[in-house]
1. Give me the distance in nm between label points sitting 7 Å out from Cα along the Cα-to-Cβ direction at residue 143 and residue 26, one decimal.
2. Taking the Kirkwood radius as the inverse of the mean 1/r across Cα pairs, report the Rg/Rh of the range 63-145.
3. Which length gain, in nm to one decimal place, applies between residue 87 and residue 112 when the Cα-Cα distance is subtracted from 0.36 nm times their residue separation?
Ligand code: HEC
């Protein structure tokens, strides 16, 4: 009889210990995924990259509206890097003397130079996603600046 009593007491103790373990350890773990425990801090990599990701999305959205960019826009986003300062020996925007001999070759020849690249200028001036029309508009914009 005494033997039976102590073994049922042991079962009771084990049951209580298991219940405590469940409450103290397992239950909080089940809340982590719901964000109720261990809230995301500013150190969370996801939280830190979020604003950047938003800016990139906005950029992509602006581009994918299908409308061709005008000459001034293409110039400012791609060509200005070299042509504003004359970097890498580029004819400087608005420099009549530098542009006159090139303008004399005709717009078509200049568009070909930009499309295929010339000297230090990479193909499409480095703007790999530029369409033919956008390159033409940018060339005309540069020609306009040199008039
Ligand atoms: C990495 C610098 C760089 C960028 C970016 C660049 N260019 Fe140039 N560009 C040059 C250089 C250098 C030359 C002179 C090439 C030569 O004559 O050897 C040149 C020459 C030209 C010419 C004269 C071509 C000819 O036939 O003489 C045109 C037109 C031109 N660029 C337009 C553009 C346009 C439009 C863009 C933007 C879409 C652009 N460039 C972007 C460096 C650049």
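Only the coordinates and a few stated rules stand behind these numbers; no lab work does. Small disclaimer: the values here were computed from a predicted structure and weren't measured. Cβ atoms come from the backbone with ideal geometry, glycine included; neighbour counts cover every protein chain shown.
1. Once both label points are built, they end up 7.9 nm from each other.
2. 0.94
3. 6.9 nm
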